[in-house]
Structure formats: structure tokens, C-alpha cells
Amino acid sequence: MSILKRIISTLLLSEALVLSTALYSKSFFINTQVAFLSSMFVIVGASLAYKKMVITKVDAEVYEDERDLLDTIEDPHGLYDEEDINEAPAEELDLKTIVKEEKAKIKTFSVKSMKHGARGSVSVFRIVPYIFLVLGFIALENNNLLDLSAYLPSLFIGIVVGSLVSKEIAA
């Protein structure tokens, strides 16, 4: 089955589940629908934003050569690396310069690092779903339709469906 067919079938099945809540009550259906769509859009939007950011970095060939994941878990600071830090005898080492060099290697908060982090979080794919989430919640509350016993579990359903759809999109 193609990716598009799997996505559509997942969305139709989940939407049929949400539509079935209309048989219970109109208020329950509205809460379920708003929460489901909000959380699904947030998950799919975050996934699309992340995918776009990764593709952009790969196209620009901006990536860091990192260690193996297992090696990173076992030795996060590289204490057991095979290479020597400094091959001079301990008596000849100037500790002040070594400390200054190591401090210079530490990444500090800068405008460049802020731009790097903001690039992924200020994507339209992320902002629009969160606006939908907040405005949907406010609209339910202002119209005295908000029922948290229906809204909160529906967020979970949207997260699950959004994760499944995101997995298909990423493939």
C-alpha cells in the first residue's frame, strides 16, 4: 500500500472514531474533534518542521561527525578515548593554558546558537498548529462547551494518530 493510502486510511479511521462520538452528545463530539485535530496538527507540524530542518542541513552539508550512539551513552565526555590529550610529560604541562583552551571549546549561548534553535521552533508548521490548539481551547471555554473529561483523552488520540501519520511522512 502506498504511503498516501496508508495516511488517508489512518486519518479516515480515526475521524470515523471521532464522528462516532456525535451519537453520544454534540458537546462531547465538539470537544473530541477540537482536541483530536489540535494535537494531531501539533505532532504532524513538529514532524514536518523537523524533517524540513534536517533536509536543509543535509543539502547545505552542515552536519557534525558524531560518535557512535552506544559510545556516547557509555562515555558522554570522551574520557576513555584512545587518543592522548597532550603527549607532554605532566611536569611540563601548563595547566592554565589547557584550562583556557578547554573553556574556549565549550559552546556558550550566542546569537548564532539562538538562531540555530529558533530556526526549528519558529517554523510555520509549528506555529499554526499551536495557534489552532490555543484558539480551539479558548473557543470551547468561551462558549461554555469545554468538557475536560472528553478533551484530555482526545488529545491522546490525536497524539497517537499524529505519530502514525508522521512516521508515514518521514518514510
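Here, each number is a calculation from the coordinates, and none is a lab measurement. Here the structure is a predicted model, which is why all the values come from computation and not from measurement. Positions of Cβ are generated from backbone atoms using ideal geometry, with glycine treated the same way; all protein chains shown enter the neighbour counts.
Some values worked out for this structure:
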item: Simple spin-label estimate for Asp59 and Glu168 in nanometres, 7 Å along Cα-Cβ; result: 2.5 nm
item: 3J(HN,Hα) from dihedral phi, segment 142-153, Karplus parametrisation 6.51/-1.76/1.60, rounded to Hz, x for glycine, proline; result: 5, 9, 6, 10, 5, 10, 5, 5, 9, 5, 5, x
item: Stretchable slack from Val124 to Asp94, in nm (0.36 nm times residue separation minus alpha-carbon distance); result: 5.7 nm
